[in-house]
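Worksheet: one structure, shown below.
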Amino acid sequence: MKNFDILRFNPESALLFRDTRGFGFSDNARTVFPTSEPFYGAIRTAFLRKNKTNLQNQKAVEKYREQIGDRDHPGKFRFIGPFPFLKEDGRTRYFLPTPSHLTKWDDGKIGFLQPNPELSFSYRGISLHTLWDGKTEQGSRAAEAYPWIDWEGMSKIKEGKPPAKESLVKETVFYEIEHRTGIGLRSDRKNAREEMIFRVRSFRFKEEAGLYLCVLNGAELLEGIDTVLLGGKSGVATTELEKNVPGSLFQKVEDSRKTVIFVTPAIFRNGFLPTGSENSFFGATVKAVCNGKPYAIGGWDLIARRPKPLMHAVPIGSTYFIEGSLNTTTITELRGEFGYGSYIECKRYKEDNYGK
């Protein structure tokens, strides 16, 4: 990938990104790490406000469809993310999802789950290798305790080497979870509904932390946008644009055997594999998969002013062991234009000799 720009969001208030489950009286609204959808919405709205557009006037909004797109097309914008960042000692440290096949041992050493060619299982008629850690004792998934890894650590993984444990961080270095109480309102008039008190959890980012997007296209449209409203309750975030960042992490790996790590969710109609693919995987062959539990994602259609259809996605950090070369820039059957299915190719771990 060529160099890209980075758009940083510095939250000035707590941010709420709800999951898609309904909730009612005395329920908790679960807070989840956001997909790209709220950020496309926030940037589109900020762009329209910059151009003094009445957001309630659908015809006025549609005049900018070419720039901001619609439910099914991102317009001139192309983003990958969001991901967290941390400012330390005068520099910005960027993070990505910790790969799901990374393991951490009690002694602090980092390793990898590897395909075991001697053991296979069938998923909807597709034969896949199981995964093992190559040791008799049991390691734990690093992502469970340390869900984020910095670019330096991911660069090591790209080379097929374990990252330093200092590259892995907990969520708490970026934000704290705040608990709030809300009151549901009637849809026909703005007064409180009976028995609709609920609790919500939101992200309160630390002063030195925030979120960022990799901007592949549309950076020129971001000029003049210095504040956006993000997530539920319209949390305020200021923005800053860093230009011409090297894209070496997203470059392809020449090895025929490699791993691909999803840094954004991917959507497949057949669970965690493409429809009718057997072992074919976007020009390559999939041998093993280390993925998490799918989760529902949605969004808001700014032009039609209604929710987008819900879909289930393979979560960030999921790792696919493949052979061959991929023929696509995004590994997803749906919404690739919105950055879903963005991935990083990595060399296989040097001790993973695939049974040889």
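The table for this structure:
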| quantity | calculated |
| --- | --- |
| Scope the stretch 78-111; condition small (Gly, Ala, Ser) and closer than 13 Å to Pro163 by Cα; matching residues | Gly108, Gly111 |
| Strands (runs of 3 or more DSSP E) completely within the stretch 101-176 that count 2 or more residues being hydrophobic (A, V, I, L, M, F, W, C) | 110-112, 114-123, 126-132, 148-150 |
| Per-region count, the stretch 207-219, residues farther than 18 Å from Pro38 by Cα, assigned to a loop (DSSP other than H, G, I, E, B) and at pLDDT 95 or above | 1 |
| Any hit, the stretch 100-119, residues being surrounded by fewer than 21 Cβ atoms within 10 Å (Cβ to Cβ), modelled with pLDDT of 95 or more and over 23 Å from Leu168 (Cα atoms) | no |
| Extreme residue, surrounded by the fewest Cβ atoms within 10 Å (Cβ to Cβ), among residues of the stretch 308-330 that are of a type outside the set (Ser, Thr, Tyr) and under 13 Å from the mean Cα position of the chain (by Cα) | Pro315 |
| Total residues in the stretch 86-99, condition surrounded by 18 or more Cβ atoms within 10 Å (Cβ to Cβ) and part of a loop (DSSP other than H, G, I, E, B) | 2 |
| Of all residues in the stretch 33-44 being in a loop (DSSP other than H, G, I, E, B) and out of contact with any helix residue (DSSP H, G or I) (no Cβ under 6 Å at 6 or more places or on another chain), the one that is surrounded by the fewest Cβ atoms within 10 Å (Cβ to Cβ) | Phe33 |
| Single residue of the stretch 45-85 satisfying the filter (within 17 Å of the chain's Cα centre (by Cα) and not in a loop (DSSP other than H, G, I, E, B)) that is surrounded by the fewest Cβ atoms within 10 Å (Cβ to Cβ) | Arg78 |
| Output for the stretch 231-258, where each listed residue is over 27 Å from Glu37 (Cβ atoms) and β-branched (Val, Ile, Thr) | Val253 |
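Residue-wise test of (1) modelled with pLDDT of 95 or more; (2) hydrophobic (A, V, I, L, M, F, W, C).
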{"position": "Leu221", "(1), (2)": "yes, yes"}
{"position": "Thr227", "(1), (2)": "yes, no"}
{"position": "Lys233", "(1), (2)": "no, no"}
{"position": "Glu242", "(1), (2)": "yes, no"}
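The values are calculated or read from the model by the stated rules, or taken from the named source; none is laboratory data. Keep in mind the model is a prediction, meaning the values are calculated, not measured. All Cβ positions, even for glycine, are placed from backbone atoms using ideal geometry, and neighbour counts span all protein chains on display.
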